[in-house]
Amino acid sequence: MEIDKKRWVIFVLLVLANVINYIDRQALSILAPLLHRELSLSNVDYSFIVNAFLVAYAVSYLGSGYMMDRIGGRRGVALCVAVWSIAAALHAAAVGFLSLMAFRFLLGLSESGINPGAVKILTRMFPPRDRAFTIGMVFGGAGIGAVFAPVVIVWLLQNSNWRAAFLITGLMGFAVLAAWLLWYRPNDDENLSKLPAFEDAAHVNATPYRWAELFRLRPTWIIIALHSVAGPVFFFFMFWLPNYLAQARGFSMELIGKTTWIPYLGEFLGLLVGSLVAGRLIRHGFGVLWTRKAVGLACGVIVPLSVLFALQVTNPYQIVILMGFAMFGIGMQISSFGPLPGDLFPYGNVASITGVAGLAGSIAGVVFTFLVGVLSDKGLYVIPFWIVAVVYPLGMLTFALFLKPIPLNRTAADFTANRSPVPAARNG
């Protein structure tokens, strides 16, 4: 198969890998109401278990980005899928707080590599106009996985037990791993030279920055700040929504299984819409960075309004539909943020910047998750939602006002310009 067709197969496999990644990840939050009773967990205990994942995820995000830039996306993604599948299956052997936290930590160490690997691979295989769609859809695997997770896991729970739910979902990753190694061959990377030159080829193929140089660039710090705001919001909805619906809104496990797929479907639809809108705007001549900012600003309106309206209603379906609109906005934001490392940095730095951004989002997520655990034990779930409604739009506004492109001419003067408040711009 020629590389211009085969790259789409590789793209689909990355989507499937992220679908399973998030089914494995969401298994805990779906089963959390039951595990509170089975393993005698408090909300603070649960926050520590979630944070064990997030701490490992944060540390590994940084290391996995560097690893992907060093050993390549093909081998790096294969390693991550293999290890996280084992870690997810081990959740079935948990006997209490400490063992569940240990398995969650191992899962976090291994799952973070899929995003830096995917961004690196797809930046090389697709032009800018297609990256919002391809990278967005890979990240959208999170939404697809989260849609299917409540249905699949509750069905497994009803027909077996929570241990079987962890084991079966964990082992699903090995099917994708086999297909990945079969279809994505080592010589495929060499065949990429047969593709037509992309319009940003000079930028993508520029000499990579050294690590110390990356942290002298203002866009690096803006991206870190953006993920420090967006990451905790995403993790809050992914890990705490079922608990919130059960504890604060009185949802049964059956009702959770019937309804919690709706917000996660909203996330996937947001990724799809954000990706398609961005691609169309770029094809019509709008600047790449301008397009990313326009999508981000729309998210800064959709998310807080949806959250605030959801707090005012009592009907279960109205609650989850409004949460679905909030997740729709988060999905659009992910489609905007995902391609940024490839838009701004040379190819050799793409995975590393993605990893640094993921590290920032995960560290902030750890802090916010602990705060949510403390507040929820006091019955104060409303406070985290208000924090989201205030901080999230401020993050999107910062994105639109302050993020500028990086000049290609890497002279000492350019580094000085990049440290100034308004660095030189290409299309932003």
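The values are calculated or read from the model by the stated rules, or taken from the named source; none is laboratory data. Just so it is clear, the model here is predicted, and its values are computed rather than measured. With ideal geometry, Cβ positions are generated from the backbone for all residues, glycine too; neighbour counts draw on all protein chains shown. We work out accessible area using only protein heavy atoms, side chains counted, and drop any ligands, DNA or RNA first. Shrake-Rupley method; radii C 1.70, N 1.55, O 1.52, S 1.80 Å.
Please determine whether any residue of the stretch 47-57 is under 30 Å from Pro208 (Cα atoms), touching a Pro at 6+ places or on another chain (Cβ under 8 Å) and surrounded by 21 or more Cβ atoms within 10 Å (Cβ to Cβ).
no
What are the pairs with Cβ atoms under 6 angstrom where one residue, in the stretch 134-162, is touching a residue at least 12 places away in the same chain (Cβ under 8 Å) and closer than 18 Å to Met253 by Cβ and the other, located anywhere, is outside any helix (DSSP H, G or I) and of a type in the set (S, T, N, Q)? Sequence gap at least six, or different chains.
Cβ pairs passing all conditions: Pro150/Thr260.
Taking the stretch 279-304, which residues are assigned to a helix (DSSP H, G or I) and either without any contact (Cβ under 8 Å) to a residue 12 or more places away in the chain or over 28 Å from Ile387 (Cα atoms) (or both)?
If the condition is that a residue be assigned to a helix (DSSP H, G or I) and either without any contact (Cβ under 8 Å) to a residue 12 or more places away in the chain or over 28 Å from Ile387 (Cα atoms) (or both), then Gly279, Arg280, Leu281, Ile282, Arg283, Val288 are the ones that fit.
Would you say Thr369 is over 17 Å from Val288 (Cβ atoms), assigned to a helix (DSSP H, G or I), modelled with pLDDT under 85 and open to solvent by 50 Å² or more (accessible area, probe 1.4 Å)?
Spelling it out, it is not the case that Thr369 is over 17 Å from Val288 (Cβ atoms), assigned to a helix (DSSP H, G or I), modelled with pLDDT under 85 and open to solvent by 50 Å² or more (accessible area, probe 1.4 Å).
Run Thr207 past the list (1) hydroxyl-bearing (Ser, Thr, Tyr); (2) open to solvent by less than 60 Å² (accessible area, probe 1.4 Å); (3) modelled with pLDDT under 85; (4) not in a helix (DSSP H, G or I) and report the number of the one that doesn't hold.
Of (1) hydroxyl-bearing (Ser, Thr, Tyr); (2) open to solvent by less than 60 Å² (accessible area, probe 1.4 Å); (3) modelled with pLDDT under 85; (4) not in a helix (DSSP H, G or I), only one is false for Thr207: (2).
Residue check: is Met172 among the aliphatic types (A, V, I, L, M) and modelled with pLDDT of 90 or more?
Yes, satisfied.
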